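Comments concern the structure below.
The values are calculated or read from the model by the stated rules, or taken from the named source; none is laboratory data. Just so it is clear, the structure is predicted and the values come from calculations on it, not from any experiment. Cβ coordinates were reconstructed from backbone atoms using ideal geometry, including for glycine residues, and neighbour counts include every protein chain displayed. Quick note on the areas: whole protein, heavy atoms, side chains included, nothing else; ligands and nucleic acids left out. Shrake-Rupley method; radii C 1.70, N 1.55, O 1.52, S 1.80 Å.
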Amino acid sequence: MRAIGFDTYGGPEVLHEVELPDPRPGPGEILVRVDAAGVAPVDAMARSGGLAALYEGITTCRAAGENPWTGLAALYEGITPPYVPGMDVCGVVEEVGEGASGGQENLAVGARVVAFVAFSGSRGGYSEAVVVPAVSAVRAPANATPSEAVAFLLNALTARNSLDALALPPGATVLVTGAAGSVGGYITQLAYAEGLHVIALAGAGDESLVRGFGAEDFIPRGADVVAEARALAPDGVDAVADTAQIAVDLLGAVRDGGRVSILRPISQDDPGRGITLLPLTVRKRATDQAAMAGLRDLIESRTLSIRLGPVLPASQAAEAHRLLEAGGQRGRIVLTFPVD
């Protein structure tokens, strides 16, 4: 089986084609023949060695009780390369392991699925085939191509994870940073669908886009965000869903006792005023089949929009990482398989 991986940390150029043994599913697992794989920031962080550098030795969010990122630095520790990144795929079930009923989805050979891949070592989504727990997969959206289907899963599940952690009642106010981005856009759409008052922070040219997602109020990037947010919510916003890694600068916009979800470590232990910092990693939802199926259903009902960016053949994975690291993508970059 061919895959795209790396043997040493470095820039996009370290990605290359590798040959791996054909995987076989064990009990409770399925084998997926991959048509498309998503490209995520965590893939680039793994490839560059940034996971180890970023998470090692950081004291983060002690007030929240735990640092969910501590294990990510050791994804490749003690494992012989090549290493294969990739956290989500779309493909066809080719083999079903013993006892792998597929949970509520009742997956069978021939079913087209989207699947979460908790990559580690040579097991990752940038592969012609991958084995995952059956409960990490759901039927693919009926109204989507493989590239479109894989474009939603990881980002929408990350958004779902953020809103679930914030646990806001209908009518509460949430400030979403990076609201035009791949994750922030899904947070905005989900929050609107759940009756939350969304204040969107994004580039000035993205106002129409994020209002289309359901944002009621808008703050352009570069403004005095704390002052603008306090003008809109004088007592402070109930929560911040931070995808832009600027949570420390926005604490003044949060009401006493408010909540802030963060997707990357910050150097902040206790923000005071009863504010809770919620450090999150989507890997903890890797087997949450019910959440994945629910998001799929929202895609099919068009409550959530598919946000597809550039689609490249797997042989151009290095270029995909260059595009990712250049920034500015509003949709998910996707690699198509098999490897050319």
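Scanning the stretch 234-250 for residues that are surrounded by fewer than 21 Cβ atoms within 10 Å (Cβ to Cβ) and under 15 Å from L166 (Cβ atoms) yields a count of 1.
Within the stretch 267-291, restricting attention to residues that are among the polar types (S, T, N, Q) and open to solvent by less than 30 Å² (accessible area, probe 1.4 Å), the residue that is nearest to the chain's Cα centre (by Cα) is T281.
Screening N161, N143, N155 for residues that are assigned to a loop (DSSP other than H, G, I, E, B) and either on the phi < 0 side of the Ramachandran plot or touching a helix residue (DSSP H, G or I) at 6+ places or on another chain (Cβ under 9 Å) (or both) leaves exactly one candidate, N143. Based on what the data block shows, is G125 in contact (Cβ under 8 Å) with a residue 40 or more places away in the chain and outside any strand (DSSP E or B)? So G125 fits the description; yes. Taking the numbered list (1) under 30 Å from L250 (Cα atoms); (2) part of a loop (DSSP other than H, G, I, E, B); (3) modelled with pLDDT under 95; (4) not small (G, A, S) in turn, V339 passes all entries but (1). Of the candidates R264, R255, the single residue that is touching an Asp or Glu at 6+ places or on another chain (Cβ under 9 Å), open to solvent by 40 Å² or more (accessible area, probe 1.4 Å) and touching a residue at least 40 places away in the same chain (Cβ under 8 Å) is R264. Within the stretch 255-290, the residues that satisfy the criterion of being modelled with pLDDT under 90 and either touching a Gly at 6+ places or on another chain (Cβ under 7 Å) or among the β-branched types (V, I, T) (or both) are I266, T281. None of S208, S136 is free of Cβ contacts under 8 Å to residues at least 12 places away in the same chain and over 22 Å from R255 (Cβ atoms) except S208. Of all residues in the stretch 292-340, those satisfying the criterion of being more than 24 Å from A180 (Cβ to Cβ), surrounded by fewer than 20 Cβ atoms within 10 Å (Cβ to Cβ) and not hydrophobic (A, V, I, L, M, F, W, C) are D297, P313, S315, Q316, P338, D340.
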